[in-house]
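Report on one structure; see the data block that follows.
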Amino acid sequence: MRQSSVLRQNATGTVGKTPQRRRARSSVPGAAPARRGARKSVSGPGAVRYAHIQGGNAERLARRNRWKRRVFFLGLAAVLLCALFLPLQIKAWRLQSELNQLQSEKQALLLQQQQIQQQIGYYSSDAYVEEAARQDLGLVKPGEALVLPAVPGATKPLPKNYHASIAGPYGD
């Protein structure tokens, strides 16, 4: 039992320390003080259920069942939380994979756009216009002669203005 000392003035007027015992908290007047750390006695359904067991075993079994109930309800709460959040997590995973797919498509489209911009730049250049005029239209610069390769068995139509380019600018 713990003792604490309190400064008191005794009957002679001198001040000194006198030991004072702590009182145990009890809801029942006149009950024996409880040990420190002692558990409450079993009351309620545990007391009735384990009334046939004598001694501390009934209390121990009731505590064990209380613990089992707590574990059960905590497990039930965990299962419910998983049931609530698992569909949301699956949806988040699907959206993330869709986002990754769309980003890769975006990168491919940006690359394709860049290639198209380069082609537009090439097709609008003077070099391409001259090359297309020589190949497709059969045009030549002044002072050049048009040479067409002869392929046996294949006939290629002459360009529309072929005769005009041979005759000269004034029809000579």
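Here, each number is a calculation from the coordinates, and none is a lab measurement. Quick caveat: nothing in here was measured; it's all calculated off a predicted structure. Cβ coordinates were reconstructed from backbone atoms using ideal geometry, including for glycine residues, and neighbour counts include every protein chain displayed.
Round to the nearest 0.05 the FRET efficiency obtained for LYS141 and GLN115 when R0 = 30 Å and r is the Cβ-Cβ distance. Efficiency for this residue pair is about 0.45. On the beta carbon distance between GLN107 and TYR128, with R0 = 22 Å, the FRET formula returns roughly 0.20.
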